[in-house]
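The values are calculated or read from the model by the stated rules, or taken from the named source; none is laboratory data. Just so we're clear, the structure is a prediction, and the values are computed from it rather than from any experiment. Here the Cβ is made from the backbone with ideal geometry for all residues, glycine too, and neighbour counts use every protein chain on show. Ligands, DNA and RNA are stripped out before the accessible areas are found, and what is left, the full protein with its side chains, is counted by its heavy atoms. Shrake-Rupley method; radii C 1.70, N 1.55, O 1.52, S 1.80 Å.
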Amino acid sequence: MKQVYLDYNATTPLDSRVFEAMRPYFMETFGNPSSPHRYGRLAKQALEDSRRVVARTIGAEPEEIVFTSGGTESDNLALRGVAYRKGSNRKGHMIVSSIEHHAVIKTCNILEKDGFSVTYLPVDGQGQVDPDDVKKSIRHDTILISVMFANNETGVLEPVGEIGNIARESGILFHCDAVQAVGKMPVDVEALRTDLLSISSHKIYGPKGIGSLFIRSGVELSPVITGGHHEMGWRAGTENIAAIVGFAHALKIAVEDMDVYQKTIFNLRHKLESCVLDRIDQVKIYSADVCRLPHTSCMGFASVEAESVLLHLDLKGIAASSGSACTTGEPEPSHVLRAMGIPSTLAQGSIRISLGRENTEDDIHYTVDVLEQVIDQLRKISSQWSNPSQKAV
Ligand code: PLP
């Protein structure tokens, strides 16, 4: 049976070139970068070369890049690091968008229990934050604003440049979760005026369990993981050199190939969405009227359950998702679609298709054929579909 992977926002396969770049660091160049001898020096060299590559990609200085275990840890270090930094009072205020990844939202929920207050910014029907709402939410005790570059479910791009300006003018730190954007869109920490920026390697054909946090020089944080003086004291623990080398290599390839990638993937998504709209009734493509990541498509089908759609797609060899992989198994419709005001009947029938380098036109044709059959089949047995008043989207 044909196999089609359409869940690249959840994770990507390792690029074989990245694997080759990592290979020597498992067995030959295995040293601890903190060791003073030759083995250590070789590892240290690879670590610092990789740091330079990551820094260059986002317009930062190498000493502003801290390697972490991925996007989740980077987000935690940014939020908790600001909340608990030296001299901060325990009751500071944070502003975050209501469509952030759970790595941000759940961390904020925990900080609230510890006395901090958090404003969760609303989004409009396309999933975008209004920068005026950011301005209006600022208080005398606001310590951090955190808004993502691109949403992992809809792909919508947030007005992060404007928000960065507001934060800078107000003297408030700005964190941007750029996990889904880096390597797919140009991201520059100067243009964004961001003080903290999270990246993850496994979204860009790099290994899992590695990522980084940009910490603007002069910004003080409290480390979350304490121990030895690794990573300039921001994150203790012996660095995973093979993973770090792979991450930097994956980023380099992604940036070099970005123009071709964007064009090819945009055309594939256009084909997918226009065929779906042509051939299936009562479907809504979310955030279609604003700028989105070129490879992400989130679509809602009236009168079906996303879980059933995904199960039937899987039986036909197609792997898609109903939102973030980190929220799989949660019965509630996605917090992102709820924040956008999507009625729960439609949100429940929403799936995310995220394309990648390996996808072809043939994959798109196959997917649309299967999707058309599956939606038709499920609607035939849906009580909602037989009621015409439920059909409007
Ligand atoms: N932030 C966003 C926007 C994400 O999409 C993800 C992963 O899906 C994360 C953070 C977490 O990254 P990681 O899987 O590297 O912990």
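The sum of -39500 (n - 2.57) across all DSSP H runs of n ≥ 4, divided by the residue count of the chain, sets its helix-only mean residue ellipticity at 222 nm to -12000 deg cm²/dmol.
Per the Debye formula on identical point scatterers at the alpha carbon atoms of the chain, with no solvent, log10 I(q)/I(0) at q = 0.09, 0.11, 0.13 Å⁻¹ is -0.55, -0.81, -1.08. Once label points are set 7 Å from the Cα along Cα→Cβ at both residue 114 and residue 260, what is their separation, rounded to one decimal in nm? Result for the modelled spin labels: 4.6 nm. Here the stretch 16-253 carries DSSP beta bridges of which approximately 40% are antiparallel, counting only pairs with both residues inside.
How large, in percent, is the carbon and sulfur part of the accessible surface of the stretch 16-253 at a probe radius of 1.4 Å? Solvent-exposed carbon and sulfur of the stretch 16-253 make up 51 percent of the total.
Working note: Karplus 6.51/-1.76/1.60 with θ = phi - 60° gives the stretch 92-102 the couplings x, 10, 10, 10, 9, 7, 7, 10, 5, 4, 4 Hz, where Gly and Pro are set to x.
Evaluated with a Cβ-only charge set (Lys, Arg +1; Asp, Glu -1), the stretch 16-253 carries a dipole of roughly 680 debye about its Cα centre, given to the nearest 20. How would the stretch 280-386 be classified by its alpha-carbon gyration tensor: rounded, prolate or oblate, with rounded meaning a/c under 1.5 and the a/b versus b/c comparison settling the rest? Since a/c stays below 1.5, the shape of the stretch 280-386 is classed as rounded. Solvent-accessible area per residue in the chain equals 43 Å², computed with a 1.4 angstrom probe and all protein chains kept. Taking the average, over residues, of other Cβ atoms within 10 Å as the packing measure, peptides 286-294, 200-208, 310-318 rank 200-208, 286-294, 310-318 from highest down. So which of 263/284; 113/203; 91/113; 106/284; 2/208 end up more than 20 Å apart, counting from Cα to Cα? Check vs 20 Å cut-off fails for 263/284; 113/203; 106/284; 2/208. Per-residue packing, averaged as other Cβ atoms within 10 Å, sorts the ranges 130-140, 73-83 into the order 73-83, 130-140, beginning with the highest. The magnitude of the dipole of the stretch 233-298, with charges of +1 and -1 set on the Cβ of Lys/Arg and Asp/Glu and taken from the Cα centre, is near 80 debye. Database remark: amide H of residue 205 closer than 5 angstrom to the amide H of 12 (H placed geometrically; neighbours at sequence offset of 5 or more, or on other chains; Pro and chain starts carry no H).
Judged by the mean number of other Cβ atoms found within 10 Å, the most tightly packed of the peptides 216-228, 266-278, 149-161 leads the ranking 149-161, 266-278, 216-228.
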